[in-house]
Amino acid sequence: MVEKQLDELQKHYNGIILPGKNIHLTKVKKEIAEYFEGNRKVFSVPLDIVGTDFRKKVWKVLQEIPFGKTSSYKEQAIAVGNIKAIRAVASSNGANKISIIIPCHRVIGSNGSLTGYASGLHKKKWLLNFEKNNSNQPIQKTMNF
C-alpha cells in the first residue's frame with residue numbers, strides 16, 4: 001500500500017520521492033517518537049495534505065478529536081455538514097495516509113464498537129488503549145472490545 005501512496009504523491013507533485021533527510025522529516029520523526037513515549041498529544045509538524053476538498057474537510061475534523069477521546073462516524077459526518085455522508089466519511093478516513101498524525105483511529109461506531117481501520121482493528125484497539133492509558137481522562141465513549 002505504501003508504494004501506491006508514493007506513486008499517487010509523485011503524480012500529484014509531478015516529481016520523484018527520494019529517500020533522505022530534511023527538517024520536516026526530522027520533526028515528524030521526533031514528534032512520532034514523543035507520541036509513542038506518551039509525551040505528545042498534539043502534532044505541530046506542518047502538513048501538505050493531498051486529497052479532495054471533502055477529504056481534507058474530513059481529515060481536519062479528525063485532527064480536532066482530542067487525544068484519549070473518540071468520535072463516531074455519524075458525529076464526524078455532522079461535523080463536516082452532511083449527516084448523510086457517513087459512508088463517504090468512513091471512506092475518507094480509510095484514505096488517510098498519515099493515520100497517527102491525522103488520528104482516524106479515534107473514530108468508532110455509534111454504538112461504541114470498533115469498526116474500520118486500514119491497519120487492522122487490533123492496531124486500532126492498541127492505539128485507543130495506549131491513548132486511554134496516557135491520557136489524564138478516560139476515553140469519551142464506551143468501547144466494546
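Legend: distances between Cα atoms for Lys11/Lys69; Lys4/Lys74; Lys97/Lys132; pairs beyond 31 Å are Lys11/Lys69.
For the stretch 1-114, give the percent of accessible area contributed by carbon and sulfur heavy atoms, probe 1.4 Å, rounded to a whole number. The C+S portion of the solvent-accessible surface of the stretch 1-114 is 57 percent. Solvent-free Debye calculation, one equal scatterer per alpha-carbon of the stretch 71-125: log10 I(q)/I(0) at 0.22 Å⁻¹ equals -0.79. If R0 is 35 Å, the Cβ-Cβ spacing of Lys27 and Asn82 corresponds to a FRET efficiency of close to 0.55.
Relative to 2.2 N^0.38 Å, what does the C-alpha radius of gyration of the stretch 18-103 come to as a ratio? Two decimals please. Before the final figure, lay out the partial values.
Details: Rg = 14.2 Å, N = 86, 2.2 N^0.38 = 12.0 Å.
Computed over Cα atoms of the stretch 18-103, the ratio equals 1.19.
Over the chain, dividing the summed -39,500 (n - 2.57) contributions of all DSSP H runs of at least 4 residues by the number of residues returns a 222 nm mean residue ellipticity of -14000 deg cm²/dmol. Multiplying the residue separation of Ala95 and Ile49 by 0.36 nm and removing their Cα-Cα distance gives an extension gain of 15.4 nm.
When +1 charges are put on Lys and Arg Cβ atoms and -1 charges on Asp and Glu Cβ atoms, the dipole computed for the stretch 49-145 relative to its Cα centre reaches about 140 debye. Where the centre of each part is set by its Cα atoms, how far does the stretch 82-102 sit from the stretch 14-52, in angstrom? A separation of 20 Å, based on Cα centres.
Entry for the chain at q = 0.13, 0.15, 0.17, 0.18 Å⁻¹: log10 I(q)/I(0) = -0.61, -0.81, -1.03, -1.14, Debye formula applied to identical alpha-carbon scatterers, no solvent contribution. Only Cα pairs under 8 Å and 6+ residues apart enter the sum, and on that basis the relative contact order of the chain stands at 22 percent.
Computed FRET efficiency, Cβ-Cβ of Ser135 and Gln10, R0 35 Å: what is it to the nearest 0.05? Write down the numbers at each step before the final one.
Values: r = 37 Å, r/R0 = 1.07.
That pair, Ser135 with Gln10, gives E of 0.40.
The values are calculated or read from the model by the stated rules, or taken from the named source; none is laboratory data. From a predicted model like this one, the values you see are computed outputs, not experimental measurements. Note: ideal-geometry Cβ built from the backbone for every residue, glycine included; neighbour counts use all protein chains shown. Keep in mind that these areas ignore ligands, DNA and RNA; they rest on the heavy atoms of the full protein, side chains included. Shrake-Rupley method; radii C 1.70, N 1.55, O 1.52, S 1.80 Å.
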